[in-house]
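The values are calculated or read from the model by the stated rules, or taken from the named source; none is laboratory data. Keep in mind that what you see is a predicted model, and the values were worked out from it rather than measured. Note that each Cβ is placed from the backbone with ideal geometry, even for glycine, and that neighbours are counted across all protein chains shown. In case anyone asks, the SASA skips ligands and DNA or RNA and just uses the protein heavy atoms, side chains included. Shrake-Rupley method; radii C 1.70, N 1.55, O 1.52, S 1.80 Å.
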Amino acid sequence: MPRDILVTSALPYANGSIHIGHMLEHIQTDIWVRFQKLRGERCIAVCADDAHGTPVMLRAQQEGITPEALIKRSGEEHRRDFADFMIGYDNYYTTHSPENRELANRIYQSLKDGDHVVERTISQAYDVEKQMFLPDRFIRGECPRCGAADQYGDSCENCGATYSPSELKNPISVLSGTAPVEKESVHYFVQLSDFEAMLKDWTRGGHVHESVRRKLDEWFEAGLKDWDISRDGPYFGFEIPDAPGKYFYVWLDAPIGYMASFKHLCERTPNLDFDEFWGADSPAELYHFIGKDIIYFHALFWPAMLAAAGFRTPTAVFAHGFLTVDGKKMSKSRGTFIQARTYLDHLDPEYLRYYFAAKLGPGLDDIDLSLEDFRQRVNSDLVGKLVNIASRAAGFIHKGSSGRLADTLMEPALYGDFAAAADSIATAYENREFSRAVREVMALADRANAFVDDHKPWQLNKDPANAAQVQVVCTQALNLFRVLTIYLAPVLPALAVKAAEFLNVEPFRWADLDIPLLGTEINPFKPMMQRIDQKDIQAMIDASKEDLQQQPAAAKAAPDAAEINIDDFGKVDLRVARVAGAEHVEGADKLLKLTLDVGELGTRTVFAGIKAAYEPDALKDRLVVLVANLAPRKMRFGVSEGMVLAAGPGGKDVYLLQPDAGSEPGMKVK
């Protein structure tokens, strides 16, 4: 009987775009799910946008739209990005849904009925200027444990400590830059210690990786703290049923979004029953793929919530490490903070799927995307080894054997060796040891290429009398290629489709490995993958820098921006400039090329991300404000010799700053 498996990934937040750091997790999830489906298991994958919280509310206010409109737009964008990366969720939903509200209320009521919820008056950070209580992540200050500066209000990125915002030293509000004041409010807390025995049994029962279990034991030793599940308005989320003006904290209803997404799928799928997967005695398997930064929520809060409400707990929670690029944290200024769409504009998504697979293991180690290693590995493994096997053999089958494979294998034992690797590779996939699976497949690819090199069909083909021998050599090679593409189908689903079409067979199944493909006609070979050119990677980096240049002002004013003083600001040379010419930039989605007359400073060329807001002809002779002493920056389209100042949230809503009437090109702006 097939296994019943339900799989989820952590929910992307509806406040921003998907980037390649997110894609690490979703690709890892998708590979595992595709492997299960390839093996014939009943494996269902669901996800959703995490749609609630103060950041969504504030972003919507900034853009002058409703939170509902913002999360609808983000959801559509996220779905497109995942689909183009071949992430095959069976349902992708939103936490702002009737299913999620109903389940959140149900779980909350169960916690109350079990006397696990207590009311407590607390002092909270309050921004007087903005007239609102501040979420943890909207407060920055010094870590109370290690003293590191500029840390969030709930956790330290330097030492990993978790704490309450009240413990932060020298806090400031990210929204206004002012020091928050303390203000009292009644909040609702779940007494997590009520579940300590159950959680110890669960966390020590093989449901998390050993390294995660050790970390959880540290938290048990320190004592489980009560969990604040309420927030004060204004807040975008679900209002607590019996507490007007109070809202469920986003981390209460976010994981419930897994259940809600699955429930939504059940409502429109025959023979799919919610309770068969979520009931307390469910025999189905439930797995969560998450990042290591949210272990506390998924391995402590989440099982406690489920147990309190009479639902089953997860079979396992799989946590992974963070993504670095070229050995460092992703950087916007270096162009290595790469959005999923920017990557897709320049490179094949299967390249990244393969590279991540080649790096991923079951533990919490961070994964580094070395861009040079990425280029070389894809070119060597996928183009130079894997696809090369098919391209070397296909032509001879069509020219000398009318496109028909031989009726026998030249070396059945070699094919047997390839097929016999199935158990080891399957075990690696099952245990999320993707890097080991890739290594084993590439070792087989080396053997397949060595077979072709040894038998040299191009030499044999010179003599027509060798036609039958050429056919069996190439039939053997193509069967080895078929085995390899079946093994890599979870990683490279598009290549697997192309390979099946080329071999003229039904979509691959794991069970196909036991039977070689003989005596059948194949289709003409078409190129399946192209080599990565360094210029494509550089174009992606340049475009990522361009993305940064075009971010809305609020996004640029990130809480980790370096503080400057009045002397620093005084170094900026602002000048009036006249737009002498403006034109579109071929190949750029957001840029216009401006030729600026800056009076005595001469003429400057500036690339400005205002294409969505302005037509070039409308800018002619317009006065703008130029940062005249900005260092020139080499871009893909030329050298930009400054920056024009604009305001607005981005896209069409960008407004160039305009000097007062009577200003002349070259004048200083005070």
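Points worth noting:
- Proximity of backbone amide H atoms, modeled 1.01 Å from N, is registered between His320 and Ile290, Gly291, Lys292 at under 5 Å, excluding neighbours fewer than 5 places apart on the same chain.
- Of Tyr287, Met1, Val625, farthest towards positive along the dipole that unit charges on Lys, Arg, Asp, Glu beta carbons give the chain: Val625
- Residue pairs, from the table Lys72/Lys611; Lys359/Lys456; Lys183/Lys215; Lys328/Lys385; Lys169/Lys611, whose Cα atoms sit over 32 Å apart: Lys359/Lys456; Lys183/Lys215; Lys169/Lys611
- All C-alpha to C-alpha distances of region 73-147, sorted into 10 Å bins beginning at zero, yield P(r) values of 13, 20, 28, 30, 9 percent in whole numbers.
- All C-alpha to C-alpha distances of region 101-251, sorted into 10 Å bins beginning at zero, yield P(r) values of 10, 31, 36, 21, 2 percent in whole numbers.
- Fraction of accessible area attributable to carbon and sulfur, region 16-136 (%, probe 1.4 Å): 46
- Average projection area in nm² (convex hull over Cα atoms of region 6-88, one quarter of hull surface): 5.5
- Apolar share of the accessible surface for region 432-492: 51 percent from carbon plus sulfur atoms, 1.4 Å probe.
- Cβ distances below 4.7 Å define possible disulfide partners, and in the chain the cysteines left without one are Cys43, Cys47, Cys266, Cys474.
- Taken over the chain, the convex hull of the Cα atoms encloses 184 Å³ per residue.
- Taking all protein chains into account, the per residue accessible area for the chain stands at 43 Å² (1.4 Å probe).
- Partners of Lys526 within straight-line reach, counting aspartates and glutamates whose Cα lies under 12 Å from its Cα and excluding those fewer than 8 residues away in the same chain: Glu501.
- Total charge dipole magnitude, region 14-73, about the Cα centre, Cβ charges on Lys, Arg, Asp, Glu only, Debye to nearest 20: 260
- Using Cβ point charges alone (K and R +1, D and E -1), the dipole size of region 387-434 about the Cα centre works out to roughly 400 debye.
- Within the chain, the whole DSSP H helices whose Cα atoms reach 30 Å or more along their own axis and whose mean Kyte-Doolittle score is at least -0.5 are 434-455, 467-488.
- When only Cα pairs below 8 angstrom with a gap of at least 6 residues are kept, region 91-234 shows a relative contact order of 24 percent.
- Projecting the Cα atoms of Ala499, Leu488, Gln534 onto the dipole axis of region 403-542, where Lys and Arg carry +1 and Asp and Glu carry -1 at the beta carbon, places Gln534 farthest toward the positive end.
- Note on the chain: with charges restricted to the Cβ of Lys and Arg (+1) and Asp and Glu (-1), its dipole about the Cα centre is near 1680 debye.
- Between the C-alpha center of region 342-416 and that of region 227-305 there is a gap of 39 Å.
- Percent accessible area from carbon and sulfur atoms, region 279-408, protein chains only, probe 1.4 Å: 48
- Lys/Arg +1, Asp/Glu -1 at C-beta; region 11-100 dipole; positive extreme among Gly64, Val33, Tyr89: Val33
- Reachable aspartates and glutamates from Lys292, criterion Cα separation under 16 angstrom, eight or more residues apart if same chain: Glu25, Asp154, Glu157, Glu210, Asp217, Glu218, Asp365, Asp366, Asp368
- 222 nm mean residue ellipticity, helices alone, for the chain (DSSP H n ≥ 4; -39,500 (n - 2.57); rounded to 500): -12000 deg cm²/dmol
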